[in-house]
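Below is one structure, written out as structure tokens; the observations come after it.
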Amino acid sequence: MPHYKAPLRDMRFLMNEVFDYAGHYASLSNGADATPDMVEAIMEGAATFCEEVLAPLNLSGDQEGCAIHDGEVTTPKGFKEAYAEYVAGGWQGLSHPKEYGGQELPMSLNLIKSEMMGTANWSFTMYPGLSLGCMNTVMQFGSTEQKATYMPPLVSGEWTGTMCLTEPQCGTDLGQVKTKAEPQPDGSYKVTGTKIFISAGEHDLAGNIIHIVLARLPNAPKGTRGISLFIVPKFLVNADGTLGARNGVKAGALEHKMGIRASATCVMNFDEATGYLIAEPNKGLEAMFTFMNTARIGTAVQGIAHAELSYQGALPYAQERRSMRALSGKKDADQVADALIWHADVRRMLLTQKAVAEGGRAMIYHAAKLADHMVNGILENDQAKYNRYDDKLGFFTPILKGFLTEMGLESANLGMQVFGGHGYIKEHGMEQIARDARIATLYEGTTGIQALDLLGRKVLLATRGQCVRDFTKEMLGFAAKHCLDGDPVGRIAREIGKRAIQWNVLTTRLMLRAAKDRDTVSSACYDYLMYSGFVTMGYFWALQAQKAKALLASGQGKEPAAFYQAKIQTAEFYFERLLPRANGHKQAMLAPTRAVMQMDKEHFSFS
């Protein structure tokens, strides 16, 4: 199994030298405590916890999995102790209000912590990870009483939370939700229905589990306009905050999954369970988007987590394993064969993993800054500020979730490929990374759903392409400033300028075509998302290359010169070997829908 080591050097490079997190935190109303010393202490502490506590449980947790008996779920050996240590360290409340027991630090710090945790042990990370969306939903839409009741134990980690959306008859199409909520004389509701694929729906880590549930009120409008949102606790909560009777919610089964086997994914049965309305009646889906967007950013982190972990496993193997001689001549003359890393194709795979992990990390860290500003809008009661940054983050969310999880899965498979046949054997741990990564492109909206959200909702309907124009304006500004620089940064900057213009042209062409052929959006959206992802990652690699070049020239970098040189060389690899994939997506998205839609459905038959 790869021995996880937190990539603190790369994290510090992005935070301190590329994105100026110190200045960013100084500008936030909740950033005063996020001093450089505090941030460093948090990163070091998180790294130690992840390396020494979570990482050793990754393989054993996969091998043991979870167990269920009479509706009670037991997590793998060591998980309960690890979670207790997590709670004792105050990690859950890192970015939540002090009035509820949190530390009220910027949200980005929690996301950075989550990246380390997810890379070390994604299955474990899902238990506290699902609680974050629950807390955010209660914070934004809950009543004063609901916040007082549920936030303190959720913030401490004493309780955990879930999101209960999917049902047997519907996945993404939530308009088909059938779970019912009947009003009661005391103002509560009786919630009845079945939810599936509920991560952390039942487990033995926390004293209570707070379910956020989509359900329909009597006589509610059909479709998504008739969905309401409810808080349904596993145990009812007494007036004094102590736990009362067991509620009518129980795990009916555990899903038998391909990966993340140590994460309890449950079928949850609600049998007249007592629930409490949160947000306005019939507007539950709008409130749930707060939960879903949080989850989608967290899932995007999984893309870089698996790329990083697979790279950390593949690199040492490629340096130690020997096979044949390099085509350019002997490299390790005193050995029976040269190390794998001397072979160009192996380097291609390793550099792809490195480029995805470090390029994706830069994309996430940029988005994390937007999330900080969005949260500040809530804290400052500035709705205009919240909306502005929510829109900015909303544009990036489907790109981050869709593109990074697809590339993370590819990177996990490349890690297996570097090992050859040994990568297919469980004892090395590489196949587990690939299995764990596979779900990331599916949950919280498949890649196709993210693509439809990006092109159909965010780009065409909501902004008529303005969100693309706003972001590419930044790209063009970078290109104009550095296009005359010496190679390779100048060459990279010129390519960024070309791609910025091309992205706008493609958006306009699809907009005009969709006005005549509605199927254009669905047939082109996947390629549009992947094109957007490759170009966006290219921009963030350009930022890293330019900063590395400047620090090399000034001699003021905090890392060894070799680190910055490697940054520039990885950026060159990305622009020469990975960014050209965008051209294929460009050609595909512009192809007519006829080839996709002309076949009669009966002709798909294989009989």
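Side notes on the structure shown:
- Pairing each residue of segment 210-225 that is outside any strand (DSSP E or B) with any residue that is open to solvent by 60 Å² or more (accessible area, probe 1.4 Å), provided the two are 6+ apart or on different chains, yields C-beta distances under 7 Å for 217/281; 218/182.
- Search result, residues across segment 54-89 that are in a loop (DSSP other than H, G, I, E, B) and touching a residue at least 24 places away in the same chain (Cβ under 8 Å): 55, 65, 66, 71, 75, 76, 89
- Condition check for residue 562: of a type outside the set (Val, Ile, Thr) and in contact (Cβ under 8 Å) with a residue 40 or more places away in the chain: no
- Test set (1) part of a helix (DSSP H, G or I); (2) under 30 Å from residue 58 (Cα atoms) - residue 444 fails condition number: (1)
- Yes/no for residue 582 being surrounded by 13 or more Cβ atoms within 10 Å (Cβ to Cβ) and modelled with pLDDT under 95: no
- Condition met for residue 288 (open to solvent by less than 20 Å² (accessible area, probe 1.4 Å) and modelled with pLDDT of 95 or more): no
- Taking segment 1-54 as the range and being farther than 22 Å from residue 550 by Cβ, within 21 Å of the chain's Cα centre (by Cα) and open to solvent by less than 20 Å² (accessible area, probe 1.4 Å) as the test, the residues that pass are 4, 6, 42, 43, 46, 47, 49, 50, 54.
- Taken together, the residues in segment 83-101 that are open to solvent by 10 Å² or more (accessible area, probe 1.4 Å) and farther than 15 Å from residue 38 by Cα amount to 10.
- Any hit, segment 398-406, residues being under 24 Å from residue 346 (Cβ atoms), open to solvent by 10 Å² or more (accessible area, probe 1.4 Å) and modelled with pLDDT of 95 or more: yes
- Scan segment 447-486 for residues that are open to solvent by 20 Å² or more (accessible area, probe 1.4 Å), over 24 Å from residue 524 (Cβ atoms), assigned to a helix (DSSP H, G or I) and without any contact (Cβ under 8 Å) to a residue 24 or more places away in the chain and the total you get is 3.
- Residue match in segment 156-179 (condition: in a helix (DSSP H, G or I) and buried (at least 24 other Cβ atoms within 10 Å of the Cβ)): no
- In segment 238-279, the residues that are touching a residue at least 24 places away in the same chain (Cβ under 8 Å), more than 24 Å from residue 121 (Cα to Cα) and assigned to a loop (DSSP other than H, G, I, E, B): 241, 247, 248, 279
- For residue 368, the conditions (1) without any contact (Cβ under 8 Å) to a residue 40 or more places away in the chain; (2) under 18 Å from the mean Cα position of the chain (by Cα); (3) under 17 Å from residue 96 (Cβ atoms) all hold with the exception of (1).
- Identity of the residue in segment 407-433, small (Gly, Ala, Ser) and open to solvent by less than 10 Å² (accessible area, probe 1.4 Å), that ends up nearest to residue 121 (Cα to Cα): 429
- Looking across segment 326-357, the residues that are open to solvent by less than 70 Å² (accessible area, probe 1.4 Å) and assigned to a loop (DSSP other than H, G, I, E, B) come down to 326, 329, 332, 337, 338, 343.
- Count of segment 334-356 residues which are in contact with a Ser or Thr (Cβ under 7 Å, 6 or more places away or on another chain) and of a type in the set (A, V, I, L, M, F, W, C): 5
- Taking residues in segment 295-319 that are part of a helix (DSSP H, G or I), and partners anywhere that are at pLDDT 95 or above and acidic (Asp, Glu), the pairs with Cβ atoms closer than 8 Å and at least 6 places apart or on different chains are 301/115; 303/406; 304/115; 305/115; 306/436.
The values are calculated or read from the model by the stated rules, or taken from the named source; none is laboratory data. Predicted model only: the values in this text are computed from it and were never measured. Note that each Cβ is placed from the backbone with ideal geometry, even for glycine, and that neighbours are counted across all protein chains shown. These accessible areas exclude ligands, DNA and RNA; they are computed on the full protein's heavy atoms, side chains included. Shrake-Rupley method; radii C 1.70, N 1.55, O 1.52, S 1.80 Å.
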